[in-house]
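The values are calculated or read from the model by the stated rules, or taken from the named source; none is laboratory data. This structure is a prediction, so every number in the text was calculated from the model and none was measured. Every residue, glycine as well, gets a Cβ built from its backbone with ideal geometry; the counts of neighbours run over all protein chains shown.
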Amino acid sequence: MLNPRGGPYRDIVRAAEKCTAGIIHPGTPFNPNEPGLDKLIQRAQKYQ
């Protein structure tokens, strides 16, 4: 089943880190209560 929200933010950040083409931009987290969000947002900054 397709998740229209893209899944957990941690998975989107991981995908951006692994994308060799650099076309995945994590954006902002959908769930503000996701564990470890502060660190994930810092990791995602360079892909915005």
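Scoring residue 44 on the criteria (1) within 9 Å of the chain's Cα centre (by Cα); (2) small (Gly, Ala, Ser); (3) at positive phi leaves a single failure, condition (3). Annotation note: Cβ proximity below 8 Å between a residue of region 18-31 that is farther than 12 Å from residue 47 by Cα and a residue that is at pLDDT 90 or above (sequence gap 6+ or interchain) occurs for 29/9; 29/37; 29/40; 29/41; 30/9; 31/8; 31/9. Could we say that residue 6 is at positive phi, assigned to a loop (DSSP other than H, G, I, E, B) and modelled with pLDDT of 90 or more here? So residue 6 does not fit the description; no. Answer with yes or no whether residue 8 is in contact with a Phe, Trp or Tyr (Cβ under 6 Å, 6 or more places away or on another chain) and surrounded by 13 or more Cβ atoms within 10 Å (Cβ to Cβ). No, not satisfied. In region 6-17, the residues that are under 12 Å from residue 30 (Cα atoms) reach residues that are assigned to a helix (DSSP H, G or I) and of a type in the set (Val, Ile, Thr) with C-beta atoms within less than 8 angstrom, at least six apart or across chains, in these pairs: 6/12.
Among the residues of region 32-48, those that are loosely packed, with under 12 Cβ neighbours inside 10 Å and either under 11 Å from residue 13 (Cα atoms) or among the hydrophobic types (A, V, I, L, M, F, W, C) (or both) comprise 39, 42, 45, 46, 48.
Of the residues making up region 22-38, those that are aliphatic (A, V, I, L, M), in a loop (DSSP other than H, G, I, E, B) and within 12 Å of the chain's Cα centre (by Cα) number 1.
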